[in-house]
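S.K.: Sharing a structure here in structure tokens format.
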Amino acid sequence: MSTKDPQNSDSVPNEQQNEKAELNSSDKDVNSDTGKDKTEEISEKQNEITEEDDTEKSSQEIDTKKDEETLEVGDNKITKPVKAKKQKAKTEIDPQKNSESTEVDDNKVEESVKEENHEVKTDIDYAKLSREDLVKELSGVIDTLPINEIRKEVEGIKAFFYKKQKALNEQKRKDFLGAGGNIDDFALVEDPVETELKDLFKRYRRLKADSNRQLEQVKEVNLEKKSAIIEELKELVNKDESIGDTFKEFRELQLRWKEIGQVPQQKLKDLWSTYHHHVEKFYDYININKELRDLDLKKNLEIKIGLCEKAEKLMDESSVVTAFKTLQKFHNQWREIGPVPNESKDEIWERFKEATRVINKNHQDYFKGLKDEQKSNLERKEKLCVQAEEIAEIKLESHKEWSAKTEAIIEIQKVWRTIGFAPKKENNKIYARFRNACDSFFGNKREFYAQNKELQDENLNKKIELCEKAESLQESTDWKATTKDLINIQKEWKTIGPVSKKQSDKVWKRFRATCDHFFNRKSEYYANIDQEYDANLNLKKDIIEKIKKYEFSTNVKENFEALKKFQEEFSEVGFVPYKLKDKIQNEFREELNKLFDKLKVDDKEKNLLKFQTRLDTLQHKPKSSNKIKHERDKFFNKIKKLESDISLWENNIGFFSSDSDEAKEMLKDYHKKIESAKKEMAIMEEKIRMIDKSDSE
């Protein structure tokens, strides 16, 4: 029998633990960075969408436009140029013929590849660094590494710093409480190390913004350089020098083109179309040897087939984001590869385009699903806000009401933490709304207890009365009745609200000492009753032997009463040795059930008599109250199910016409089902009454 103080952590919380429960719900779990609770911390994290995600969303389509085929010839010394059949360069695909655009964003490909290939430095274990060292490391990273390539380092340092900061803040709170401080007075002082870290974050974001502006300027310069190369390509066809020298100059222009970096996105498509157009014109101009050209075309075809195979494997990639980024790189490679034989040109391109379409579709579906999920999350959070706001507006006047509503708010907060991201535009707003409702509730609660000294005095008087009541029972030898009375007193104790801190320990020790005195006496008594248990075992064995030898008379009622008497006698016998308890109980049930089966009474009476035997057995098992309650719940749920079935069957009967034999037969079956279900319900209702009766006794 537990007699621990209900005001302690194992029982009912005292006024200090009431405050702790409140802290656990909205004030306790403080983020070391902002002083916000875990609910806010989780929601704010949900609101963060990384730059990488932004990049992915902004380039969800990859260009499936046929790149104008270029040809790179390894030998630039051509002595007998053979005039090749001129073909009209396909520099553009009609956008009306393509169901979806699949243009590759070269600029974002380069950025995403750079970011994907950049790894967090593995020579430093951030977990082993102090907060001060983490700040120094962040400063060094910002000063020494390219600003657009350090996002993972910055995020890693931030995560480990706030993990340590949270532990430090928690320790400060514990030390404050351990020194006797009141949790309402606890507040975190601004930490200079954390302030330095935040300043570095501001500097990092500022430098990154500057870098991005510079990158746009570089793109414009690159656009001018590539446009100049195109102009030089145009002039190649007007050269009077030898074919070999002209071709060498052409190769140099191609090399310069590849070395130039990103250009503005909106200019990319037209730039590539123009470039490929003039490359084709150059090849037509120099009349490359057909044999050499065919060899190069075949080689280009093999490379493009390889890219098709790689792209097709990406369709099975589990991460749609990884597949999308990798496909972007494949499109870059495709663009750099020269032309293929004309008869294979459409086929190979359609194959590559189909793989691109599937991967693009998966990528778009992924973000659409994410958007739908976030919208659903927002709806769920709005409902939780309404619930919290309704509770916060209720005017509560008692400790019992405050305790119940505190549990309700805490449960709502638990559900909130299980919900994922809301849409970015709404996430901060919905969290602020939820936090305001919680803050309002707990603020009102603190004010209630701060101004309710009169209630605490009243609670003290109630607890003193319970102490006196328990003291009047501590010398009792009616173990069963007194145990029940003391348990009820303990339950009543738990319902009483907090008392002043000065009186709390004193009144609790008095109450606990009284309960311990009785239960210690009870334990001593039952420690010396082994002989009584053995005697009870022999009595129960004698009853079982009587059952085995009992012979039915011709009087059914007399037989029925005899079996009931056996049950009563067996139940009245006290405890037996624990190891033999189940064995003797099962033997009794088995022998008695044999007689019940022979008894000529209706099935309902027989069923109820057997259940009474089972109920008696359950009452002698460990945790009997839980098992009996489970049995009652099982009957109750089954009754509800049968009521639902009966309602359904009766409703179905109304749809049958009695004109046909088949319909009549089905109606007959339904009526049988309904009658059988009602009989079964009656038996289970009687069993519930038997359980309730035994519980009251």
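S.K.: If you take the charge dipole of the range 319-448 about its Cα centre, with +1 on Lys and Arg Cβ and -1 on Asp and Glu Cβ, which of PHE367, ILE412, LEU327 is farthest toward its positive end?
M.R.: Value: LEU327.
S.K.: Measuring from label point to label point, each 7 Å out along Cα→Cβ, what is the GLU545 to ILE305 span in nm?
M.R.: Modelled inter-label distance: 9.7 nm.
S.K.: Please give the peptides 150-159, 449-458, 323-332 ranked by average Cβ packing (other Cβ atoms within 10 Å per residue), highest first, as a rough proxy for protection.
M.R.: Highest to lowest by the protection proxy: 323-332, 150-159, 449-458.
S.K.: How much length is gained if the chain between ASP185 and ASP516 is pulled fully straight, taking 0.36 nm per residue apart and subtracting their Cα-Cα distance, in nm to one decimal?
M.R.: Result for the pair: 115.5 nm of gain on full extension.
S.K.: What list of ³J(HN,Hα) couplings, whole Hz, do you get for the range 303-310 from phi and the Karplus terms 6.51, -1.76, 1.60, once you set θ to phi - 60° and write x for glycine and proline?
M.R.: Couplings: 5, 5, 4, x, 5, 4, 4, 5 Hz.
S.K.: Next question, about the same structure. For the range 185-238, taking Cα atoms only, what is the radius of gyration to one decimal and the Dmax to the nearest whole Å?
M.R.: Considering the range 185-238 through its Cα atoms, Rg and Dmax are 24.1, 86 Å.
S.K.: Taking 7 Å along the Cα-to-C-beta vector as the label spot, tell me the ASP505-ASN538 distance in nanometres, rounded to one decimal.
M.R.: Simple spin-label model gives 5.4 nm for this pair.
S.K.: Under a plain spin-label model, where a point goes 7 Å from the Cα along Cα-to-Cβ, how far apart in nm are GLU343 and GLU393?
M.R.: 8.0
S.K.: Which three numbers, in whole Å and largest first, are the semi-axes of the equivalent ellipsoid of the range 394-513 derived from its Cα gyration tensor as √(5λ)?
M.R.: With the √(5λ) rule applied to the range 394-513, the semi-axes are 41, 18, 10 Å.
S.K.: Then there is this: Taking θ = phi - 60°, what integer Hz values does the Karplus form 6.51 cos²θ - 1.76 cosθ + 1.60 yield along the range 159-172, in sequence order, with x for Gly and Pro?
M.R.: These are the phi-based 3J(HN,Hα) values: 4, 5, 4, 6, 5, 5, 5, 5, 4, 5, 5, 5, 5, 4 Hz.
S.K.: Shifting gears a bit: How would the range 454-526 be classified by its alpha-carbon gyration tensor: rounded, prolate or oblate, with rounded meaning a/c under 1.5 and the a/b versus b/c comparison settling the rest?
M.R.: prolate
S.K.: While we're on this one: Stretched out fully, how many nm does the piece from SER472 to LYS128 gain, at 0.36 nm a residue minus the Cα gap?
M.R.: Full extension from SER472 to LYS128 adds 117.7 nm.
S.K.: If you don't mind, another one. Using the count of nearby Cβ atoms within 10 Å as a rough guide to exposure, how do HIS277, HIS363 rank from fewest to most?
M.R.: HIS277, HIS363
S.K.: Quick one: GLU572, GLU686, fewest Cβ neighbours within 10 Å first, how do they rank?
M.R.: Lowest count first: GLU572, GLU686.
Where a number appears in this text, it was derived from the coordinates with a stated rule and is not lab data. Just so we're clear, the structure is a prediction, and the values are computed from it rather than from any experiment. Quick reminder, even Gly has a Cβ in these numbers, built from the backbone with ideal geometry, and neighbours come from all protein chains shown.
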